[in-house]
Amino acid sequence: MKVLILSCNTGGGHNTAAKSIKEVFDLQGDECEVKDALSFGGQFASDLVCDSYIEMVKKTPKLFGEIYKMGSKLGQINNTVSDKLRSPVYLVNKVYADALEDHILKNNFDAVICVHIFPAEAMTHLKRRHDLKQKFYFVATDYYICPMLEETTPDVIFSAHPDSLFTYLEHGIPESKIVPAGIPVSQSVVNSSVSSKAEARKQLGFADDDEAYLLMSGSMGFGDTIDIAKYIFEHGNSHTRVVAITGNNEEMYKEFEREFAGEERLVLLGFTKEVPLYMSACDLLLTKPGGLSSTEALVKGIPIIHTSPIPGCESENVQFFTEHHLSLCANTPADAGRLAVTLMHDDFLRNQIIEAQKKYRCENSAKQIVDYIKKAGN
């Protein structure tokens with residue numbers, strides 16, 4: 001089978017999901033390509049859109065949240081009032097649809113998978129106006145429906161969890177279109193979930209009695225991790241160890257170096273592919289509530305404290321996780337620090353979270369998605 005996966009560079013989660021699906025296709029001997037959908041409109045356009053998105057989320061998260069809400073309402077209105085109404089997001093993404101179609105037809109792809117709403121809008125235009133024959137699938141990377149998905153026409157939507165179904169039904173999407181496969185994560189996360197904490201600590205040089213906190217701010221380095229680390233160090237002890245992963249944010253990395261110069265209890269990392277190993281070694285995780293990072297933690301079975309969610313998809317992820325007792329949530333760095341220190345010394349609560357994670361996680365979502373698509377293509 002030959003498959004095209006369309007992603008977008010608005011944060012690392014979508015690309016991680018795309019790579020996780022590609023990984024399974026590759027392992028099964030299929031041909032699979034991952035492309036940035038916006039690049040079909042030119043690299044400048046892709047960089048402009050993605051950089052603008054990242055700056056908005058970093059500097060004006062409340063504005064992003066309001067736009068997110070407006071998008072959600074607009075999608076519902078368009079879906080209810082008229083099939084001919086189209087959102088601005090649809091109109092923008094149809095601009096590069098012709099170039100995308102040329103690539104699909106030239107390379108004879110059997111199916112197209114979208115892990116972001118932008119390419120889903122472009123594919124919808126091609127299916128409606130160009131009668132494109134290839135099946136197209138949408139893979140959710142957050143726990144509730146994303147805005148304007150209801151104006152797209154994928155053959156199947158792979159949702160994050162069976163308990164997310166109601167959010168799709170509320171937006172007029174039929175249950176028959178939904179396959180609750182879960183959010184796809186790398187096979188390194190899935191397969192390493194059996195390795196013991198002792199083995200991971202030995203590989204990383206951690207002591208058995210270390211109280212290890214893992215701080216992650218997402219691939220783009222969002223969050224108040226420095227203030228959280230300060231609180232943990234101030235209220236910790238000689239066994240305290242803080243692993244801070246700053247992602248691609250070089251400025252935050254340097255700020256950590258300045259703020260904690262000489263602090264031997266700190267392990268500082270930028271972007272790393274060893275996140276599963278650190279999750280195995282640490283006692284608890286503090287992270288932004290992105291869909292991918294949260295799912296990786298869910299699969300690994302590490303107690304989670306979600307920190308200051310960005311209004312919109314992240315706040316909805318927090319709602320899902322806290323309602324299912326999969327995580328705790330803190331809205332300020334001080335609250336996050338207090339919760340972390342408390343949770344570190346509460347074995348009962350940590351075990352409760354781990355047991356809930358075992359109950360609610362989806363098993364090997366990437367493989368489920370690939371198997372479904374290949375079966376549908378035969």
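Since every read-out is calculated from the coordinates, none of them should be taken as a lab result. Quantities reported herein were computed from a predicted structural model and do not represent experimental measurements. Ideal geometry is used to build each Cβ from the backbone, glycine not excepted, and the neighbour counts take in all protein chains shown.
Taking every Cα atom in segment 141-201, find the radius of gyration and the maximum pairwise distance Dmax, and write them in Å.
My reading of the Cα-based Rg and Dmax gives 15.8, 49 Å.
When the Cα centres of segment 347-378 and segment 223-277 are compared, how far apart do they sit, in Å?
That distance is 30 Å.
Suppose a student asked you for the relative contact order of segment 138-204, using Cα pairs under 8 Å spaced at least 6 residues apart; what percent would you report?
31
Beyond a 24 Å Cα-Cα separation, which of these cross-linked pairs lie in this structure: Lys273/Lys359; Lys35/Lys127; Lys273/Lys367?
Distance filter (> 24 Å) returns Lys273/Lys359.
Give me the Å³ per residue figure for the convex hull around the C-alpha atoms of the chain.
That works out to 129 Å³ per residue.
Take His325, His345, His161 and order them by how many other Cβ atoms sit within 10 Å, fewest up front.
Values: His325 15, His345 10, His161 21.
The order, fewest Cβ neighbours first, is His345, His325, His161.
Under 8 Å for C-alpha pairs, at least 6 residues apart: give me the relative contact order for the chain, rounded to a whole percent.
17
Give me the percent of Cα-Cα pairs in segment 237-378 that sit more than 22 Å apart, rounded to a whole number.
In whole percent, the long-distance tail amounts to 45.
For segment 111-211, which GluC sites (Glu not before Pro) are in a loop by DSSP, counting at most 15 other Cβ atoms within 10 Å?
Those satisfying the criteria are Glu170.
Ranked from highest to lowest mean number of other Cβ atoms within 10 Å per residue, what is the order of the peptides 97-104, 310-317?
Top of the packing list down: 310-317, 97-104.
Quick one, what does Rg over Rh come out to for segment 285-365 if you take C-alpha atoms and the Kirkwood Rh?
Details: Rg = 11.8 Å, Rh = 12.5 Å.
Result for segment 285-365 is an Rg/Rh of 0.94.
Quick one: compute the contact order of segment 311-377, relative version, from alpha carbon pairs under 8 angstrom and 6+ residues apart, as a percent. Don't skip to the answer; put the middle values down first.
Numbers: 22 pairs, mean separation 17.4, N = 67.
Over segment 311-377, the number comes to 26 percent.
For segment 156-199 and segment 293-328, write down the distance between their C-alpha centroids in whole Å.
Here the answer is 14 Å between Cα centres.
So what is the 222 nm mean residue ellipticity for the chain from helices alone, if each DSSP H run of at least 4 adds -39500 (n - 2.57) and you divide by all residues, rounding to the nearest 500 deg cm²/dmol? Please report the intermediate quantities before stating the final value.
On the way: 17 runs with 190 residues, N = 378.
Value at 222 nm, helices only: -15500 deg cm²/dmol.
State log₁₀ I(q)/I(0) for segment 128-286 at q = 0.13 Å⁻¹ as given by the Debye formula over alpha-carbon point scatterers of equal weight, solvent excluded.
The calculated log intensity ratios at q = 0.13 Å⁻¹ are -0.77.
Which number do you get for Rg(Cα) / (2.2 N^0.38 Å) in segment 97-142? Could you put the intermediate results ahead of the total?
Values: Rg = 10.2 Å, N = 46, 2.2 N^0.38 = 9.4 Å.
Output field value: 1.08.
Taking one equal scatterer on every alpha-carbon of segment 108-167, how large is log10 of I(q)/I(0) by Debye at q = 0.13, 0.25, 0.31 1/Å?
Taken in order of the listed q values, log10 I(q)/I(0) reads -0.32, -1.02, -1.40.
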